[in-house]
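Everything below concerns the one structure shown next.
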Amino acid sequence: MTLTQNIILNHLQIKHKIRRIAFQIYECNVESKEVILAGILTNGYKLAELIAKELDSISDLKVTLCKVKVDKLNPINSVTTSLDKDDIANKSLVLIDDVLNSGTTLIYGIKHFLDVPLVQFKTAVLVNRNHKKYPVKADFKGISLSTSLHEHVQVSFEEGKYNASLE
């Protein structure tokens, strides 16, 4: 059986989506001095880095990146971050992942930050699918797709050749 790959977002489209998400994050944080972009490893963190670069070019917000490690095969395991909770407290935070599928990864990422007092907590994804297992949503999204359960969305942030495909 041959797997077919359908490009749903090409390099230029992904760049436009990232810029739009950056503007939306800035609009929600226009009164803030700093925003934490917490990217779920690995592609969520790559997306966070790209959004941070855009935010730096369009705003004077201090952008701090945070790596979030969630065991995607067993998400109930402990979630770890590159920043201490004290470094995040009383700030605005955006939790970022590349694809929101069932919501499992995002909900466990959210759970990790729930005991930290935050000014604002938002979520961002490049691709939002409609197969939620948990009541979680993306506040900022590049594209929403209705797909079958058997289809898989793959995002690549290879230098100069970003793409999102449906397999």
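The values are calculated or read from the model by the stated rules, or taken from the named source; none is laboratory data. Being a predicted model, the structure only gives us computed values, none of them experimental. Here Cβ is always computed from backbone atoms with ideal geometry, including for glycine, and neighbour counts include all displayed protein chains. Just so you know, the surface numbers come from the protein's heavy atoms only, side chains and all, with ligands and any DNA or RNA stripped out. Shrake-Rupley method; radii C 1.70, N 1.55, O 1.52, S 1.80 Å.
Here are some notes:
- Some residue of segment 27-47 being in contact (Cβ under 8 Å) with a residue 24 or more places away in the chain, open to solvent by 30 Å² or more (accessible area, probe 1.4 Å) and touching a helix residue (DSSP H, G or I) at 6+ places or on another chain (Cβ under 8 Å): no
- Which listed residue, of VAL155, VAL94, is more than 11 Å from the chain's Cα centre (by Cα), buried (at least 17 other Cβ atoms within 10 Å of the Cβ) and closer than 18 Å to GLY39 by Cα: VAL155
- Looking only at segment 72-91, residues that are open to solvent by less than 60 Å² (accessible area, probe 1.4 Å), of a type outside the set (A, V, I, L, M, F, W, C) and in a loop (DSSP other than H, G, I, E, B) come to 2 in all.
- Screening ASP60 with (1) assigned to a loop (DSSP other than H, G, I, E, B); (2) among the charged types (D, E, K, R); (3) over 21 Å from VAL136 (Cα atoms); (4) in contact with a helix residue (DSSP H, G or I) (Cβ under 6 Å, 6 or more places away or on another chain) gives one miss only, at (4).
- Residue ID - least open to solvent (accessible area, probe 1.4 Å), chosen from residues in segment 97-147 that are touching a His at 6+ places or on another chain (Cβ under 8 Å) and under 19 Å from ASN74 (Cβ atoms): SER102
- Filter pass, VAL99 being under 15 Å from the mean Cα position of the chain (by Cα), in contact (Cβ under 8 Å) with a residue 40 or more places away in the chain and more than 17 Å from TYR45 (Cβ to Cβ): no
- For segment 62-75, the criterion of a residue being within 14 Å of the chain's Cα centre (by Cα), among the basic types (Lys, Arg) and at pLDDT 95 or above is satisfied by at least one position.
- Selection count where residues are farther than 21 Å from PHE157 by Cα and among the polar types (S, T, N, Q), scope segment 88-136: 6
- Checking LEU83 against (1) in contact with a Phe, Trp or Tyr (Cβ under 9 Å, 6 or more places away or on another chain); (2) touching a residue at least 40 places away in the same chain (Cβ under 8 Å); (3) more than 20 Å from VAL125 (Cα to Cα); (4) not β-branched (Val, Ile, Thr), the condition it does not meet: (1)
- Segment 129-158 residues that are part of a loop (DSSP other than H, G, I, E, B), paired with ones that are open to solvent by 30 Å² or more (accessible area, probe 1.4 Å) and small (Gly, Ala, Ser) (beta carbon under 6 Å, 6 or more apart): ASN130/SER146; HIS131/SER102; LYS133/SER102
- Checked against the criteria, THR105 counts as in contact (Cβ under 8 Å) with a residue 40 or more places away in the chain, of a type in the set (Val, Ile, Thr) and either on the phi < 0 side of the Ramachandran plot or not in a strand (DSSP E or B) (or both).
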